[in-house]
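Remarks on the structure that follows.
The values are calculated or read from the model by the stated rules, or taken from the named source; none is laboratory data. Since we're looking at a predicted model, the values are computed, not measured. A quick note on method: Cβ atoms are made from the backbone with ideal geometry, for glycine too, and the neighbour counts reach across all protein chains shown. Accessible surface is based on the protein model in full, side chains and every heavy atom, while ligands, DNA and RNA are left aside. Shrake-Rupley method; radii C 1.70, N 1.55, O 1.52, S 1.80 Å.
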Amino acid sequence: MATSRRSTSIRKSKVPVSCYLCKGPDVKWKCDDCDAHMCNSCKVTVHQGLPSTQDNDVVSKQDISKASTGTNEVTSVVIASVCNSYTTTLPAVHTLLCSNDDMIYFHYNTITSDNYQFVKGKLLKSSIKILQTFEKQIFDFTIMKNGEILLKEFGGNIIQLVSLSGEFKTVLDSSPMRPLAIHVNKDNEVIVGMREQGPPFPVQDFSVRQVILFGSDYQRKVTLEFDKEGNKLFSYANRIRTDSRNVVYVIDRFDNANHGRIVAVDINGRLKFTYDGPKGLGTFQPEGITITPSDNIVVADYNNKALHVINSKGDLLGLQFIFKDLRIHSPLGLCFDSKGYLLIGCGIGENENYGKIHVVKMTESLM
């Protein structure tokens, strides 16, 4: 069963391990989902033939041995260098995305200010070239493979598609449910967080909190709501991202103060892990999330002014307090560009009037 991960711990077994299925001694593999060691024959003839294990994580004994000889200390370095910084015309950059053609999309989402805006632009050497803006109070948005934009405004139950020419079209009406975070995975499927109408918090027993996968035709395919024990998987899906295997990673909020955690769940509804920061850290406040090419997860922690890097099992690989080390203020949105640089959207810093976008190079071992 998946559990909450607060720190990395590696232990060496002192007991000889046998195959879980045939009890033989020639163990070559371990299934992380079943927590079972297997010989090569049982892996091929038994484990792979079960429909329920098709998407399980199976690792070789050699890889397990490599991990067990490593250190259980977490590196404190996430950013290798800061390459550039840009000042925007917005008070903060809440969500930040890059397309394959290196277009950049960002917005400031608020219902308490008149200075809300969605921006499409291009990062030049010394400035951001603005190509398109929308004066809309956007809660979240995502980019389709063809460059069109899906967005969800504050309030209401609809998701709109914005064409390349800037025309708006409603593609999904989730009434009576209210959509939250939206994301498009590598297969161009649309994933949407949902909740019932009414106040978002506190979450009650009767509250309906879901993450739903829709096909590219916007027809519902999968609904994620409960774990195997019947407990709610989510409280409030604020941001959603997926990795190369379409595992879903959700910034899940607990309250109006934006305290939360990361929930990882596969497309079959199996809870992989939850993560709420290492032991002893201040209150975890995840705001931005993105996935590295090697399927590590980078999280912007607003309260601790830090970046967390965790692997696909929920283990903490890197933690850096970026304000203290690099004077990067108020981290919010995160994304990677096509060259592998991490972009960090931020709020207003000391003696500043506008949010910034920092372009940084991550430590190679975490990429």
Yes or no: region 304-320 includes at least one residue that is β-branched (Val, Ile, Thr) and either in a loop (DSSP other than H, G, I, E, B) or more than 25 Å from His183 (Cα to Cα) (or both). no
Which of (1) under 15 Å from the mean Cα position of the chain (by Cα); (2) under 24 Å from Leu96 (Cβ atoms); (3) surrounded by 15 or more Cβ atoms within 10 Å (Cβ to Cβ); (4) of a type outside the set (S, T, N, Q) does Leu213 not meet, given it meets every other one? (1)
Regarding region 309-331, can at least one residue be identified that is open to solvent by less than 10 Å² (accessible area, probe 1.4 Å), under 18 Å from Gly355 (Cα atoms), touching a Cys at 6+ places or on another chain (Cβ under 7 Å) and not β-branched (Val, Ile, Thr)? yes
Contact list, first residue from region 140-155 and more than 19 Å from Phe336 (Cα to Cα), second anywhere and modelled with pLDDT under 95 and assigned to a loop (DSSP other than H, G, I, E, B), beta-carbon distance below 6 Å, six or more apart or interchain, is Glu153/Lys136; Glu153/Gln137; Phe154/Ile111; Phe154/Gln137
Tell me, yes or no, whether region 276-298 has at least one residue that is over 28 Å from Tyr116 (Cα atoms) and buried (at least 21 other Cβ atoms within 10 Å of the Cβ). yes
Check Lys145 against each of (1) outside any loop (DSSP other than H, G, I, E, B); (2) within 25 Å of His107 (Cα to Cα); (3) of a type in the set (D, E, K, R) and name the one condition it does not meet. (1)
Which condition does Ser338 not pass, out of (1) in contact (Cβ under 8 Å) with a residue 60 or more places away in the chain; (2) closer than 22 Å to Thr88 by Cα; (3) hydroxyl-bearing (Ser, Thr, Tyr); (4) buried (at least 18 other Cβ atoms within 10 Å of the Cβ), if it passes all the others? (4)
May I ask you to list the residues in region 186-200 that are open to solvent by less than 40 Å² (accessible area, probe 1.4 Å) and either closer than 29 Å to Glu135 by Cβ or modelled with pLDDT under 95 (or both)? Asn188, Val190, Ile191, Val192, Gly193, Met194, Arg195, Gly198, Pro200
Please identify the pairs in which a residue from region 20-44 that is modelled with pLDDT under 80 and among the acidic types (Asp, Glu) has its Cβ atom under 9 Å from the Cβ atom of a residue that is in a loop (DSSP other than H, G, I, E, B) and open to solvent by 30 Å² or more (accessible area, probe 1.4 Å), counting only partners at least 6 apart or on another chain. Asp32/Lys313; Asp33/Asp55; Asp33/Arg270; Asp35/Tyr20
Does Ser338 count as over 15 Å from the mean Cα position of the chain (by Cα) and assigned to a loop (DSSP other than H, G, I, E, B)? yes
Checked region 157-180 for anything assigned to a strand (DSSP E or B) and open to solvent by less than 60 Å² (accessible area, probe 1.4 Å); matches are Ile159, Gln160, Leu161, Val162, Val171, Leu172, Pro179, Leu180
Which ones in region 283-309 are aromatic (Phe, Trp, Tyr) and in contact with a Phe, Trp or Tyr (Cβ under 9 Å, 6 or more places away or on another chain)? Phe284
In region 88-117, anything of a type outside the set (Ser, Thr, Tyr), in a strand (DSSP E or B) and modelled with pLDDT of 90 or more is listed as Ala92, Leu96, Leu97, Cys98, Met103, Ile104, Phe106, His107
Going through region 341-362 in order, the residues found to be outside any strand (DSSP E or B) and modelled with pLDDT of 95 or more are Tyr341
Would you confirm, using the coordinates I've provided, whether Lys361 is within 22 Å of Lys186 (Cα to Cα) and open to solvent by 50 Å² or more (accessible area, probe 1.4 Å)? no
